[in-house]
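A.B. asks: Provided herewith is a single structure, encoded as structure tokens, for subsequent inquiry.
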Amino acid sequence: MKYHNDIPQIENCDMVVGIPSFNNSTTIPHVAQTAAEGIRRLGLKGLIVNSDGGSTDGTAEAFLASDTFEVPKFSLRYRGIPGKGSAVRALFEVAHKSKARIFIMLDSDLRSVEPWWIERMARPILEDRTDYVTPLYLRHKYDGTITNNICYPLTSALYGVKVRQPIGGDFAVSSKLIEVFLSKPENVWQSNVARFGIDIWMTTTAINESQKLPVQAALGVKVHDVKDPGKQLQGMFVQVVQTLFELMIEYQDRWKTVSEVIDTEVHGEQPSQEVEEIVVDLKNLKEKASKTLRERMPSRVSLRKELLKSVLENGTLDAEQWVEAVYEFALAYRRERSEEVVLDLLPFYFARVADFVEKTKDISSVEAEGLMESQLQLFMQMKDSFKRRWSVDT
Ligand SMILES: Nc1nc2c(ncn2[C@@H]2O[C@H](COP(=O)(O)OP(=O)(O)OP(=O)(O)O)[C@@H](O)[C@H]2O)c(=O)[nH]1
Ligand SMILES: [Mg+2]
């Protein structure tokens, strides 16, 4: 079947704000209204589009009923495999059709979005300084554990640009980069990119294929619907990490030439806001790490005994051991190209988070950021030997 979204006739405009959704009826009206106010303040001709996955709670209706004053809007039901990425792909098509200079993506469960976010994200593209803007949030030290332990340090170390929130969900993209995204082969949309892999795919593609560096927009705190890590995080972890590992294969000729990491420009001042407290059940997390490993001893990856022992006996893994494990799993993934390899990494990830929670229990979120930086340095230090092994490993 030829892929095709039912996109209505649309007039050309300057900016499209796209909102993917699945059962977000209580939060989406606020996101739509805020986006409209942001567009109005910029004085641009805008369009707000919801791409829904077949919500049963009246999300599309709630979106359409929201007050976006003079800014037009419509809601579409995307085609393709169910997932955030398929929803976003349809939004890329809308942006392309409308000839908008800027596409902005906002998550539909956002509570902390403000009208000024639109200007913050759009300005670097309006000024032709970049093709891609990532969010920079103030986050609690225990929030964003997939970002902190793998997406941020591995992406930065591999490709040489520090992007603190590569999978933050709120992005701005130039029309030129939208064309690059839409030119990718159809099979991309049969993979985890059609699900939660979309964010890391966009960011990695932007870093590698845009002539310009990304810019980060300071957006303050991110408040959104909280998920139950035990139930919902596993699927997301696999989808994100498998996509990341796939991209390592695709862009191997690029990351192999990179041996330094540079800072990424931040647009705007971070407002002074307090982050909400997050409580983690450390004992439970440690038990979960060792239990998951007992149930799933990795058979496709050769790991030093100390690493296994640390997870099995303590339910923790220090930063150095974690970096070693991640590189080892990346090599195994390249050999196997199987989701099973990524599932095998889960207990080590739980153990890494447990170790981080334990070591940072008495320090602030700002101080904990220092440990993330050291972890990034470890990814950089061990990259050389990883690269050598990648080159001989087939
Ligand atoms: N259309 C569509 N949208 C989705 C789907 N899954 C998620 N989304 C949207 O994608 C955005 C991000 O999803 P969330 O579930 O909030 O995930 P997240 O905030 O990245 O992840 P956490 O940090 O773990 O909460 C939201 O706007 C969702 O409504 C889907 O299957 N279809
Ligand atoms: Mg969310």
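A.B. asks: Which semi-axes, in whole Å and largest first, does the equivalent ellipsoid of the chain have when worked out from the alpha carbon gyration tensor as the square roots of 5 times its eigenvalues?
C.D. replies: Each semi-axis is √(5λ); the values are 35, 22, 21 Å.
A.B. asks: Over the chain, calculate the relative contact order: mean separation of alpha carbon pairs under 8 Å at least 6 apart, over the residue count, as a percent.
C.D. replies: Answer for the chain is 16 percent.
A.B. asks: If you take the beta carbon distance between Thr26 and Val279 as r and set R0 to 22 Å, what does 1/(1 + (r/R0)^6) give as a FRET efficiency, to the nearest 0.05? Can you show the working numbers first?
C.D. replies: On the way: r = 24 Å, r/R0 = 1.09.
Rounded to the nearest 0.05, the efficiency is 0.40.
A.B. asks: Continuing with the same structure: Got a sec? How would Ile10, Ile81 order by Cβ neighbour count within 10 Å, fewest to most?
C.D. replies: So the ranking, lowest neighbour count to highest, is Ile81, Ile10.
A.B. asks: Between 0 and 90 degrees, rounded to the nearest ten: what's the tilt of helix 319-336 against the longest Cα principal axis of the chain?
C.D. replies: 80
A.B. asks: Against the longest alpha carbon principal axis of the chain, how many degrees, from 0 to 90 and to the nearest 10, is the axis of helix 282-295 turned?
C.D. replies: The angle comes out at about 70 degrees.
A.B. asks: Right, something else. What translational diffusion coefficient, to the nearest whole µm²/s, does segment 8-153 have by Stokes-Einstein, given a Kirkwood radius computed over alpha-carbon pairs, a temperature of 10 °C and 1.306 mPa s viscosity?
C.D. replies: Numbers: Rh = 15.8 Å.
Value of D from the Cα-based Kirkwood radius: 101 µm²/s.
A.B. asks: A follow-up question, please. When the Debye formula is applied to the Cα atoms of segment 117-174, each taken as the same point scatterer, what base-10 log of I(q)/I(0) results at q = 0.16, 0.20, 0.28 Å⁻¹?
C.D. replies: -0.54, -0.79, -1.13
A.B. asks: I'd like the Karplus ³J(HN,Hα) series for segment 149-161: coefficients 6.51, -1.76, 1.60, θ = phi - 60°, whole numbers in Hz, and an x wherever there's a Gly or Pro.
C.D. replies: These are the phi-based 3J(HN,Hα) values: 9, 9, 5, 5, x, 6, 4, 5, 5, 5, 9, x, 10 Hz.
A.B. asks: A further question on this structure: Pop out the ³J(HN,Hα) list for segment 378-385 in order, Karplus 6.51 cos²θ - 1.76 cosθ + 1.60 with θ = phi - 60°, rounded to Hz; leave Gly and Pro as x.
C.D. replies: Once θ is set to phi - 60°, the couplings for segment 378-385 become 5, 4, 5, 4, 8, 5, 4, 5 Hz.
A.B. asks: For Val341, what is the net charge nearby, where nearby means another residue's Cβ is under 15 Å from its Cβ and Lys, Arg count +1, Asp, Glu -1?
C.D. replies: -2
A.B. asks: If we restrict to alpha carbons, what Rg and Dmax does segment 180-258 come to, in Å?
C.D. replies: Rg and Dmax of segment 180-258, Cα atoms, are 14.6, 40 Å.
A.B. asks: Normalised radius of gyration for segment 342-394, please: alpha carbon Rg relative to 2.2 N^0.38 Å, two decimal places.
C.D. replies: Compactness ratio reported: 1.47.
A.B. asks: For segment 216-347, what are Rg and Dmax over the alpha carbons, in angstrom?
C.D. replies: Cα only, segment 216-347: 17.8, 48 Å (Rg, Dmax).
A.B. asks: Could you give the distance between the Cα centres of segment 40-103 and segment 164-186, to the whole Å?
C.D. replies: That distance is 16 Å.
A.B. asks: If you bin the C-alpha pair distances of segment 282-392 every 10 Å from 0, what whole percents do you get?
C.D. replies: 15, 43, 33, 9, 0
A.B. asks: Through the Karplus equation 6.51 cos²θ - 1.76 cosθ + 1.60, θ set to phi - 60°, convert the phi angles of segment 136-143 into ³J(HN,Hα) values in whole Hz; use x for Gly and Pro.
C.D. replies: Residue by residue, segment 136-143 yields 10, 9, 8, 10, 5, 4, 9, 8 Hz.
A.B. asks: For helix 229-250, report the angle its Cα long axis makes with the longest principal axis of the Cα atoms of the chain; keep it between 0 and 90° and round to the nearest 10°.
C.D. replies: 90
A.B. asks: Here's a follow-up. Segment 1-66: percent of C-alpha pairs farther apart than 13 Å?
C.D. replies: 65
A.B. asks: At a temperature of 4 °C and a viscosity of 1.567 mPa s, determine how fast segment 242-295 diffuses translationally according to Stokes-Einstein, using the Kirkwood radius over alpha-carbon pairs as Rh; express D in µm²/s, rounded to the nearest whole number.
C.D. replies: Details: Rh = 16.6 Å.
Here the translational diffusion coefficient equals 78 µm²/s.
A.B. asks: Here's another thing I want to ask about it. Under 18 Å Cα to Cα from Lys99, which aspartates and glutamates show up? Leave out anything in the same chain fewer than 8 places away.
C.D. replies: Partners found: Asp6, Glu11, Asp14, Glu127, Asp128, Asp131, Glu179.
Bear in mind that the values in this text are calculations on the coordinates, not laboratory data. Please read these numbers as outputs of a predicted model, since none were measured by experiment. Backbone-built Cβ (ideal geometry, glycine too); neighbour counts: all protein chains shown.
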